[in-house]
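Every read-out reported here was derived from the displayed coordinates using simple, explicitly stated rules and does not represent laboratory data. This structure is a prediction, so every number in the text was calculated from the model and none was measured. FYI the Cβ positions are ideal-geometry reconstructions off the backbone, even for glycines, and counts take in every protein chain you see.
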Amino acid sequence: MTTPTTSQLLKLTGLWVSETKTGRKMLSGEIRPGLKLLVLENKGATGNQPRYEAFLAPHQKQEQQDSPPAPEAF
């Protein structure tokens, strides 16, 4: 399997580093207005399990964004 070159890739979003209310580091970015992508480390990962998990979440309005939504609620 060959790795695609940068010119063959489609950029989905940029990601920002932040923390959840419980202190877990996460990456987040906006997929489209109203929809966010959240990527968190899978703290319970062992063996061949994925080290990171991706979630889609509704994007909160700016005045409600005191902290990122906790993916544990999904």
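Put simply, when 8-15, 19-26 are sorted by average Cβ atoms within 10 angstrom per residue, most first, you get 19-26, 8-15. Karplus-based coupling profile of the stretch 43-51, in residue order and whole Hz: 4, x, 5, 9, x, 9, 7, x, 7, with θ = phi - 60° in 6.51 cos²θ - 1.76 cosθ + 1.60 and x standing for Gly or Pro. Across the stretch 14-20, computed HN-Hα scalar couplings (Karplus, 6.51 cos²θ - 1.76 cosθ + 1.60, θ = phi - 60°) run x, 10, 10, 8, 8, 10, 7 Hz from first to last residue, x flagging Gly and Pro.
Using the Cβ of residue 41 as centre and a radius below 12 Å, the other residues enclosed give a net charge of +2, where K and R count +1 and D and E count -1.
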